[in-house]
Amino acid sequence: MRKNFGQKTWMYPLPVLIIGTYGEDGTPDAMNAAWGGIYDTGKVVLCLSAGHKTTANIKARGAFTVSFADKANLVASDYVGIVSANKEPDKLAKAGFHTTKSEFVDAPLIDELPMALECKLEKVNEDGNIIGEIVNVSVDESILDAEGTVDLSKWCPITFDPVHNTYTALGEAVGNAFSDGKQLC
């Protein structure tokens, strides 16, 4: 038997996205955002409200990075979502995050977060959602396997559970996409 909960914004899993930008004065900023994902091939969408400093930064600079929070940086990643850069301009330093300028876009990479999408603003759509073109994916070698691809067991990204307001770690492979279903063909 199922239980009905009515209209809820429950989607699983929700990646914990850390959006990196530069302010007008070049100060790096980041915010935690759970509402975002792949928009189309080579594109991302971010659902950010207009009042966020990050939203203004993206519109002004035309670029942003999307890093993925991980278990090792959970506290700092949560902090940048709780505190607004409109009130705390140096929140990255307080979080303990350090940045390096992207080689591809006018936005910072967060050194402690090992994977990032480097994006150029394509448009802000009629709903205010930010659409960005992925121009590069940057991955720290510390989370690569022997074949040179991302190894979740070395990285341990986290997801947001909107029902319980908790974070859950990812990592265990349980099947093979585009393969295991062939058993039923």
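Some values worked out for this structure:
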| read-out | value |
| --- | --- |
| Complete set of residues in region 90-103 that are part of a loop (DSSP other than H, G, I, E, B), in contact with an Asp or Glu (Cβ under 8 Å, 6 or more places away or on another chain) and closer than 12 Å to Pro28 by Cβ | Phe97, His98, Ser102 |
| So Ala34, is it within 28 Å of Leu152 (Cβ to Cβ), among the aliphatic types (A, V, I, L, M) and touching a Leu at 6+ places or on another chain (Cβ under 6 Å) | yes |
| Filter pass, Ser77 being within 16 Å of Ile18 (Cβ to Cβ) and crowded, with 17+ Cβ neighbours inside 10 Å | yes |
| Hits in region 17-51 (condition: more than 17 Å from Val137 (Cβ to Cβ), in contact with a strand residue (DSSP E or B) (Cβ under 8 Å, 6 or more places away or on another chain) and part of a loop (DSSP other than H, G, I, E, B)) | Gly23, Ala34, Trp35, Cys47, Leu48 |
| Looking only at region 70-87, and only at residues there that are of a type outside the set (A, V, I, L, M, F, W, C) and not in a helix (DSSP H, G or I), the one that is nearest to the chain's Cα centre (by Cα) | Asp70 |
| Condition met for Ser67 (in contact (Cβ under 8 Å) with a residue 40 or more places away in the chain, out of contact with any Pro (no Cβ under 7 Å at 6 or more places or on another chain), polar (S, T, N, Q) and in a loop (DSSP other than H, G, I, E, B)) | no |
| Criterion: farther than 26 Å from Asp127 by Cβ, in contact (Cβ under 8 Å) with a residue 40 or more places away in the chain, surrounded by 12 or more Cβ atoms within 10 Å (Cβ to Cβ) and out of contact with any strand residue (DSSP E or B) (no Cβ under 7 Å at 6 or more places or on another chain) - qualifying residue of Pro108, Pro89 | Pro89 |
| From the options Thr100, Thr168, residue that is within 17 Å of the chain's Cα centre (by Cα) and exposed (fewer than 12 other Cβ atoms within 10 Å of the Cβ) | Thr100 |
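Here, each number is a calculation from the coordinates, and none is a lab measurement. Keep in mind it's a predicted model, so treat the numbers as computed, not measured. Glycine also receives a Cβ, built like all others from the backbone with ideal geometry; neighbour counts cover every protein chain displayed.
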